[in-house]
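Nothing in this text is a laboratory measurement; each read-out follows from the coordinates by a stated rule. Note that this is a predicted model, so its numbers are computed, not measured. Neighbour counts run over all protein chains shown; Cβ positions are idealised from the backbone, glycine included.
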Amino acid sequence: MTAPLIAAGRGDYRGCADLIPEDQQQIERVIAALPLLADVSHADLVLYVPTEGGATVVYHAPPNPVPSLYPNLQTGRTLNRREPSPVFRVLRDGRGHHSLSGTLVWGAPTMQEVFPIQGAEGRVVAAVSSNANLLEHERFLGRGAIFRSMVARVLEQGFGGQIESAEHIGRLTEHDGALIVDPQGIIRYMSSVAENQYRRVGYVDNLLGGQISELDTNEYICFRSMERGVCLEQRVEEGDQVWIKRTIPLLPQPSKGFLRLLQPKARQPVGAAVFIQDITDEVRREQELKVKSAMIQEVHHRVKNNLQTLAFLLRMEAKRAKAPAVQNTLKQTIGRVLSIAVVHEFLSRGDNSEISIRDICNRIIGEMGDGLFTPHCRVSFSLVGTNFSLPAQQATSCALAMNELIQNATEHGFEGRQSGAIRVSLSETDASMVIEIVDDGIGFPANFDPLASPTLGLQIVRTLVQDDLRGHLDLVHDEGVTARISFPKELCRAAA
């Protein structure tokens with residue numbers, strides 16, 4: 001079962017009592033490693049700092065490979081000193097504590113371990129409570145002794161602030177394979193998941209006790225991690241498999257005394273833990289999606305080219321036609337075809353299924369500006385207002401509706417005039433997006449009722465606006481004509 005991903009939560013501890021800058025730096029080093037430690041130990045890690053009268057959670061790192069014990073982050077939670085919590089005992093005497101917790105978290109018994117965090121001069125400045133589901137803890141006890149020792153070593157390094165670059169590697173998953181190698185590169189532990197991973201690249205024999213450098217796979221990251229003493233991550237391709245390898249250098253177990261005070265770089269790693277995430281299926285799905293996306297883009301590109309070719313043929317027919325009515329019908333058809341072609345052109349540029357209405361308006365205005373519809377009248381166009389995007393189907397309907405309205409304005413609004421102006425305005429209200437096409441032309445003819453008009457253009461616009469955009473069309477005669485399309489905001493998203 002995949003754990004629900006809960007991001008680690010950080011609180012503010014700078015106001016906590018008696019924390020000097022060196023203590024805060026040590027806590028920061030521990031916090032940087034906590035997500036990794038939570039994944040390795042399969043436990044929720046909750047970091048407490050002492051406060052006046054109690055202790056406060058300043059960081060909670062849920063595990064990624066298994067479900068968290070908590071439905072919400074514990075950051076900011078406070079403990080009162082009167083509560084019988086082992087956290088206060090560890091903060092007081094500096095000795096770790098582990099026990100079967102009497103508290104049921106969502107009905108599950110838990111195994112709790114509390115670890116001290118030492119700051120300057122070895123004094124305890126914080127405590128980390130490790131809380132694991134009891135069943136998960138028993139499953140952990142069933143792992144090999146070498147694996148359990150590795151987990152304990154990693155936790156000790158992390159709580160000592162001795163894991164470097166942990167924040168630069170990704171989270172572990174429930175399906176990761178695990179290897180443990182010694183300084184000479186001898187494989188001392190291999191999980192069953194890792195065995196299956198290496199079988200898929202050709203290694204059917206038991207690799208335990210073998211030299212990892214003798215494998216044909218890319219194991220450079222393991223030695224590099226031990227050499228530098230830092231956590232590393234690398235994506236490698238092994239045949240037809242794609243892996244992400246994450247490594248943690250294992251430092252020698254410090255004895256009581258001066259070795260505990262040495263800096264990590266002064267202590268040569270005695271091995272490394274390697275976690276292997278197989279992302280082959282994910283990469284293949286991404287590649288398949290890229291291929292499908294490229295094919296879809298190519299289809300849109302070809303549709304756009306075919307529509308433009310059709311528009312070209314209709315232009316030729318319009319020029320050859322003798323009857324004005326035929327010419328007018330062909331010109332209107334050209335505009336509709338080109339409006340649809342504009343949408344396919346934008347879709348052919350990428351896999352984004354939402355299209356900028358401002359870009360569509362600019363293209364339609366550009367087509368109108370070619371003078372096809374007003375050869376004897378100079379019409380100026382302007383575009384103002386907010387930009388927004390629509391899904392492809394609604395963008396096509398919007399483009400066709402705007403084309404019809406702009407076409408009607410250019411064709412009928414400036415009869416007997418040598419010049420005119422059309423403004424396209426994009427705006428929004430609390431609940432709707434609004435497109436207005438405003439002209440300064442002669443307006444409607446006498447006794448013209450736009451609501452009862454039988455013209456094909458207005459019928460097309462009403463159908464598109466009401467059925468596809470779920471909106472309203474209003475036509476207002478006031479020193480020209482204002483055509484107003486409004487539709488619900490949920491159809492679109494604000495464009496950047």
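Just a few scattered comments:
- Low-density loop cleavage sites - GluC sites (Glu not before Pro) in segment 19-98, where at most 11 other Cβ are within 10 Å (DSSP): E52
- Other residues within the sphere of radius under 13 Å centred on the Cβ of G239, judged by their own Cβ, net out at -3 (K and R +1, D and E -1).
- Global form of segment 353-496, assessed from the alpha-carbon gyration tensor, a/c cut-off 1.5: prolate
- A DSSP coil position with no more than 15 other Cβ atoms inside 10 Å describes the following trypsin sites (Lys or Arg not before Pro) in segment 411-464: R417.
- Spacing of the modelled spin labels on Q418 and I146, each 7 Å from Cα toward Cβ, amounts to 9.5 nm.
- Restricted to Cα atoms, segment 382-451 shows a radius of gyration and a Dmax of 14.0, 40 angstrom.
- Two-site FRET efficiency, Q25 against R302, from Cβ-Cβ distance with R₀ of 45 Å, rounded to 0.05: 0.15
- Partners of K292 within straight-line reach, counting aspartates and glutamates whose Cα lies under 17 Å from its Cα and excluding those fewer than 8 residues away in the same chain: D281, E282, D351.
- Centre-to-centre, using Cα atoms only, segment 125-193 and segment 32-58 are separated by 16 Å.
- Using the Cβ of A399 as centre and a radius below 14 Å, the other residues enclosed give a net charge of -2, where K and R count +1 and D and E count -1.
- With each label modelled as a point 7 angstrom along the Cα→C-beta vector, the L135-R224 pair spans 4.0 nm.
- Dipole in debye (nearest 20) - the chain, about Cα centre, beta carbon charges: Lys, Arg +1; Asp, Glu -1: 460 debye
- Reference-scaled alpha-carbon Rg (2.2 N^0.38 Å with N residues) for the chain: 1.49
- Note on K245: aspartates and glutamates with a C-alpha under 13 Å away, same-chain residues under 8 apart excluded, are D176, E219, E233, E237, D278.
- Label point at A431 placed 7 Å out along Cα→Cβ; residues across segment 468-490 whose backbone nitrogen lies under 16 Å: 470-473, 486-490
- Protection proxy ranking of 298-309, 141-152, 110-121 - average other beta-carbon atoms within 10 Å, highest first: 110-121, 298-309, 141-152
- Spin-label pair E286-E174: with each label point 7 Å from Cα along the Cα-Cβ axis, the two points sit 2.3 nm from one another.
- Placing +1 on the Cβ of every Lys and Arg and -1 on the Cβ of every Asp and Glu, with nothing else charged, gives segment 353-496 a dipole about its Cα centre of roughly 220 debye.
- Dipole of the chain, positive direction: furthest Cα of V66, P249, Q407, with charges on the beta-carbon: P249
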